[in-house]
Structure formats: structure tokens, C-alpha cells
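The values are calculated or read from the model by the stated rules, or taken from the named source; none is laboratory data. It should be emphasised that the depicted structure is a prediction, and the values quoted were computed from it without experimental measurement. Counting neighbours? That spans all protein chains shown, and the Cβs are built from the backbone with ideal geometry, glycine included. Ligands, DNA and RNA are stripped out before the accessible areas are found, and what is left, the full protein with its side chains, is counted by its heavy atoms. Shrake-Rupley method; radii C 1.70, N 1.55, O 1.52, S 1.80 Å.
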Amino acid sequence: MSKKRIIACLVVRHGIVVQSIGFRRYLPVGRPEIAARFLNDWGVDEIILLDITAIAGGRAVDPEMVRRVARGCYVPLAVGGGIRSIADMRAVLQAGADKICVNSLAVENLSLLTEAAGVFGDQCLIASIDVRCTAAGYEIFASGGSRPTGLAPAAYVRRLAKA
């Protein structure tokens, strides 16, 4: 029998954990390290920390924020946001992340994701997918859900699985 797992996602906007309302409005919740500590205490199996403002700001997620969260995190920690290179991945992992979560990178440069799997291992990478319903059907979006890609979800997932 498969085990049910609870994976919590902390959405970070400008360094603060937020609650998203329709991906358009955001209510501040608090500091990421405090939120992660609560999730640990509540018994989650894994935490995903996503900096949704990193890519728009042209930067990767802040390794210092990852370090603060990882210090009090006792479950696997996956981190994403603006990651564009092997060096970005290495910095996040050295800061204490157990896994890397990418979205736009997987859409734009799948070969780099394959290279990263060779460097860090398949188990270290998560491809995150933003899907929206459009007039033409379901479509994959990138850049924090702001840029349509023209990719159909089923075909895209098959492409990811082969990478």
C-alpha cells in the first residue's frame, strides 16, 4: 500500500511567505524560516520553498534565505525560483536545500536540466508545471505563470519524462 505524504509549499514574494488569492493578490503570512518551523512541528513530510519574485527580478532564489529555512527544517527541503544554471543549483544545495525545483528552466533549456541530473542526480530535481485553461485548451505557462508557451501539458510531461 502506498503511503500518503503531505508536501507543503511556501510561496515567497519579496522575502515574505504569502497566501496567494487567484495568483493575483497576496496576503503576507510571515518569515519563511518561521513558517517552515511550524510546518515541521505540524508533521509535514516535505517542504517546497518557491520564490515567485526571483525570476521577474532576474535573480535566483536567495541562498541566505534558504540557509535560514534549512537550519530549522527537519524534512526534505525543495527550493525553486529563478534558477538558471548549474551554479545557481549548487548555491541552493550548498545553502541546505535537498532538491531543486525548476519551472521556466525546464521549458527553456531542457538539456541543462538533463545535465543537472548528471551532476546532482535525478532524485535532486523537480520539474514544476504551471497549467492554465485557455480558449484553445490547457496550456503550459512559464515565468511565474505569466508567459504562455504554446505547449500542451500531456506532450510536455512526456518530454520531461524522457529527459
Residue check for Val107: at pLDDT 90 or above and either open to solvent by less than 60 Å² (accessible area, probe 1.4 Å) or assigned to a loop (DSSP other than H, G, I, E, B) (or both): yes
When residues of the stretch 17-27 are limited to those that are open to solvent by less than 60 Å² (accessible area, probe 1.4 Å) and among the hydrophobic types (A, V, I, L, M, F, W, C), the one farthest from Arg132 (Cα to Cα): Val17
Selection count, the stretch 111-138, where residues are closer than 29 Å to Gly22 by Cα, out of contact with any Cys (no Cβ under 6 Å at 6 or more places or on another chain) and open to solvent by 30 Å² or more (accessible area, probe 1.4 Å): 11
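Please tell me if Ala60 is under 19 Å from Cys124 (Cα atoms), open to solvent by less than 70 Å² (accessible area, probe 1.4 Å), in a loop (DSSP other than H, G, I, E, B) and without any contact (Cβ under 8 Å) to a residue 40 or more places away in the chain.
Judged against the criteria, Ala60 is a match.
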Residue identified as surrounded by fewer than 18 Cβ atoms within 10 Å (Cβ to Cβ) and at pLDDT below 95 among Gly30, Gly82, Gly72: Gly72
